[in-house]
Structure formats: C-alpha cells, structure tokens
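Note sheet for the following structure.
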Amino acid sequence: MTILVFDSGIGGLSVLREARMVMHAHRFVYVGDDAGFPYGDWDGAALTERMVGLFETLIEQFQPRLAIVACNTASTLIMPALRSRFDLPFVGIVPAIKPAAERTASGLITVLATPGTVSRLYTRELVRKFASHRRVNMVGATRLARLAEDHMQGKPIDTGVLEAEIAPCFVEADGRRTDIIALGCTHYPFLVNEMRKYAPWPVDWLDPAEAVARQASAVLSQIDKDIARRVDGSAQPQADLAIMTSQSPSAAIVRLLGGLGLQLRSQAFPSLMSAANSNCCTESGRACSTLRK
Ligand code: DGL
C-alpha cells in the first residue's frame, strides 16, 4: 500500500522521515513540486488549482491509501479542496500553535512560517482558538525555505540572511522573552542547528512532523484493518520513490534522495503542461518558468 508525501520541494522529507518510522510496512512515494517552489508567495486560487491537478495524476498513477500534505503553506489552504475532490484520506501539517501555547513558560511564542502560511485565515483561527491567552508573534520569512533547500544540498548559505530572517522571532516584553518558536514550514527543521547558532537566546523549536506522522498512522489504522497482515511481511515490498515535478533536480538532490533510499522516478503531469500552454506569458509567470525548467 502506497502513501504519498507531498511538498513544494525537499522540505517535506522532514515529515517523510517521521512517517517512515511509524508506518514502516508501507511504501512511500515522495513528491516535491520543485517546479512550483517556493509556495510561500503563491496566490491561493492558483495554488489550489495547481495542486488539485498534480494530485489527479498522482492518485491515478499510484492509487495511494493515504496522502500526507507535508507543507504548511498548502495545508493551511487546500485541505477542503482536496478532500472534496478526491475519495482519499488526506493528512496535513500546520504549525504547532496549540502545543506551543500549552508549553510556553513566558507566554510569548512565535510562529515562524512562509508569508502564505502566516497570512492564512486557517492559521489565524488556530491562534484565536488555542493561543488567545498568549502573545503570539507571527513571522513570515521570505527566504528561509530557499536557504533550507540550499543547506540540504550541501551548498553554503548566507548566514547574514538567516540571522535577519529569524531576528523578528525573538521578542522581549515586560521582562519576559519568547521561549518557543513553532516551526510552520517543513523546510525549517533542516535549519534548526544553524538557527540555534544565530538565536539571541535559547528557545524550543517545535516541529510538528512526528505528531503528523502519528496522526497519519492513526488514520491509516482506522481505515485499514489489514495493517497487521502487511506488517507480517506477506505483501511484496515495493521500492520507495521520489518524483520531482521539474524532472530535472540538481545532482545534489538526486544524491540526497538516493541516500534516503528513494528511487527517482520521472512522471509527466498533464495539468502542468496545459497550464503552461494556456497561461504562458499571460498572468502566470510561474507557468512560464515551469516550461523553461
Ligand atoms: N515546505 C513548505 C511549508 O511547509 C513551504 C516552502 C515553500 O515552498 O515556500 O510551508
């Protein structure tokens, strides 16, 4: 049985890592929409249309049992559209605002995410529901996801940019300081060690990936009573795959995916082709860049 794990790039590998641990009997297909990366500043309607088109192909091709949208920027927008369009359980990821609000000692927490995620109504509602008794600082970072992609590929990163991006996360008020930063982008866990070095004081960096993996596993157990039989090893194991929508990931990404035991597979996405043809050089520069890549 296949589980899809989807992100705009390679950041969702932080969720795949956890998902594989709790659902080890399953076959995973990791999909990085690197042709659309970064998702942080996409218009909501255009991103929804794009992702629905991609999932159409992915679901037809792999007949997955479950899909994990390992991208906060997408999950805070698109879950209702995916659930109403496809007859498949979807699990998304959102910033760990509730746990942060429960655990903070100082009462000052920060949500560090893409501009898309911090601006979403869904995210604002999470704050209203679970953290209205706390002081919540929302930081939309425009360059961190890209830095994470570079760092994951072993490229040097501009630490001045990193420092500037995280600086607004740290707030002091009435003798208290931010003590928890909720990581609202699946790319950021790969930068935590770097971010720690440039943090003006120590904080907890909350990554919801493990909780999401456990949630996905619970959903799966509920819908599939055959799990125990498959854990026994009676089913033929299939290789875990990775698909990058650009069809031309860098050599470093190919190595990274291979090192994680993911076989790179090329996959055509008709919706990308038709979007590129109809929008090219009109309102959507992204469609053009898809073609160019
Ligand atoms: N990894 C994605 C997230 O969790 C966002 C990165 C991007 O495409 O901007 O929000």
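Overview of results
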| quantity | calculated |
| --- | --- |
| Cβ-based exposure ranking for 21, 1, 244, in which fewest neighbours within 10 Å come first | 21, 1, 244 |
| Helical contribution to [θ] at 222 nm, DSSP H n ≥ 4, -39,500 (n - 2.57), averaged over the chain, rounded to 500 | -13500 deg cm²/dmol |
| Residue exposure sequence - 201, 42 - by fewest surrounding Cβ within 10 Å | 201, 42 |
| Model label zone, residue 219; criterion: amide N under 15 Å from point 7 Å along Cα-to-beta-carbon; scope segment 90-130 | 90-95 |
| Sequence-distant residues sharing a close amide H with residue 182 (under 5 Å, placed H) | 110, 111, 112, 206 |
| For the chain, with +1 on Lys and Arg beta carbons and -1 on Asp and Glu, the positive-most of 130, 274, 162 along the dipole | 130 |
| Translational diffusion of the chain, µm² s⁻¹ [Kirkwood Rh, Cα pairs; Stokes-Einstein; 20 °C; 1.002 mPa s] | 109 |
| In nm, spacing of pseudo-spin labels at residue 167 and residue 238 (7 Å Cα→C-beta vector) | 5.0 |
| Exposure proxy ranking, count of Cβ atoms within 10 Å, fewest first, for 127, 219 | 219, 127 |
| Inter-probe distance in nm under a simple model that places probes 7 Å from Cα toward Cβ, at residue 63 and residue 155 | 4.0 |
| Choice from 95, 208, 64 showing the highest fluctuation, given a GNM over the chain with Cα pairs closer than 10 Å | 64 |
| Distance from segment 197-222 to segment 134-178 (C-alpha centre basis), Å | 18 |
| Label-point separation in nm, residue 103 to residue 204, each point 7 Å along Cα→Cβ | 0.4 |
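None of the figures in this text is laboratory data; all of them are computed from the coordinates on show. Quantities reported herein were computed from a predicted structural model and do not represent experimental measurements. With ideal geometry, Cβ positions are generated from the backbone for all residues, glycine too; neighbour counts draw on all protein chains shown.
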